[in-house]
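Below: one structure, written as structure tokens.
The values are calculated or read from the model by the stated rules, or taken from the named source; none is laboratory data. Fair warning: this is a prediction, and the values are worked out from it, not measured in the lab. Here the Cβ positions follow ideal geometry from the backbone for every residue, glycine too, while neighbour counts run over all protein chains shown. Ligands, DNA and RNA are excluded from the accessible area calculation, which covers all protein heavy atoms including side chains. Shrake-Rupley method; radii C 1.70, N 1.55, O 1.52, S 1.80 Å.
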Amino acid sequence: MALPKDGETPRYYVPARSSMAIFSATALAMIALGAASGMNAMHSADASGSDWLLLYAGLIALAIVLACWFSLTIKENIKGMNSEQLKISYRIGMQWFIFSEVMFFAAFFGVLFYVRTLAGPWLSGEGAGVMNTLLWPGFDYSWPLMDTPQDAIGGVKEQAKAGFLANNGEHTGPQKNLSWPGLDNLFHWLPFWNTTLLVLSSIWLEFAHHALKKNKRTAFNFWLGLTLLFGFVFVYLQYLEYHEAYVDYGLYLNSGIYGATFFMLTGFHGFHVIMGAGILTVQFFRSVMKKHFTKEDHFGFEAASWYWHFVDVVWIFLVAVVYVY
């Protein structure tokens, strides 16, 4: 933070009263209620597509609110209303946001660790062996979990005959998994290409950042556009992988804990890639169409690049513990 001159008090711009916070909170409430309603309806005989409408409406409302809010913030910065202190608060805010995302993924990785290290072995009889004897006789744990405990006793009907229901619904393991195929099949393995795309996209993004610092706008736009291209190709390959999992491998969200953790981790990561690519797309058009950003003042792009690098790091860790290990 720049120090004030003698006798000068640091400026801190206080924006006018705004209803944006109320609108964003309302949109987030709509998203939460819509998601809960939709997921509850998935197990109901009266389920319909309308159960998700509140979620979709909330997402659209949030996108509109954020677009208006960020547009207002950008205009204030261009007019010189943002002091150094306020810019520092923006940086701290983005850092806390990324930290919250780290904790979000840490929760899911924690679930995967618990299942693979504790719950799975317990169900197969390790320790006292009570869970295996009483609930799932014959279940043998291995990862990836190709045969669920329900499969081990003959399916949901046999479970009902035994006089207990330890879970709701039918959970049958997949025919094949998407784990590490070995070096011989590396180039036919989609996660390898997705990893290559994301790592290269982060490198291109750094090239863009360095070009901006040297005030080379054409080079900045080129490298940022290349980053976006690689990001969207990643999303397409993720779609192909999901299609392969559903059609060829019999791997679904309800294919036991392997299917659940696989799709929750890769699905949420894919959502974050789409969100990060969307943020970078906004920065790209700001630069191309509005000539925004200078080598001294480009925090909007810098914050977006932080987020993209975060998404890249999460993917590398995800590949290591979900696909390879």
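Assorted remarks:
- Extension gain (nm, one decimal) between T218 and V235, 0.36 nm per residue minus Cα-Cα: 3.5 nm
- Measuring r between the beta carbons of E126 and W69 and using R0 = 45 Å, the FRET efficiency lands at 0.30.
- Virtual spin-label span in nm between F268 and Y325, 7 Å along Cα→Cβ: 1.7 nm
- The simple spin-label model puts a point 7 Å past each Cα toward its Cβ; for S37 and L253 those points are separated by 1.7 nm.
- Structure remark: mean-square fluctuation, Gaussian network model of the chain, C-alpha springs under 10 Å; the largest value among G93, G127, G276 belongs to G127.
- Computed Rg/Rh of region 193-255, alpha carbon atoms with Kirkwood Rh: 1.24
- Residues of the chain: accessible area per residue with a 1.4 Å probe, Å²: 58 Å²
- Using alpha-carbon coordinates, inclination of helix 20-41 to the longest axis of the chain, degrees: 10 degrees
- Counting protein heavy atoms only, region 30-101 has 70 percent of its accessible area on carbon and sulfur, 1.4 angstrom probe.
- Diffusion coefficient, µm² s⁻¹, Stokes-Einstein with Kirkwood Rh over alpha-carbon pairs of region 187-325 at 25 °C and 0.890 mPa s: 155 µm²/s
- Packing-based order for 186-198, 98-110, using average beta carbon neighbours within 10 Å, highest first: 186-198, 98-110
- Set against the 2.2 N^0.38 Å expectation for a compact globular protein, the chain has a Cα radius of gyration ratio of 1.23.
- Percent carbon-and-sulfur accessible area, region 204-310, ignoring ligands, DNA and RNA, probe 1.4 Å: 69 percent
- Relative protection proxy for 286-295, 315-324, from highest mean packing down: 315-324, 286-295 (other beta-carbon atoms within 10 angstrom).
- Helix-only CD estimate at 222 nm, as mean residue ellipticity for the chain, using -39500 (n - 2.57) per DSSP H run (n ≥ 4): -22000 deg cm²/dmol
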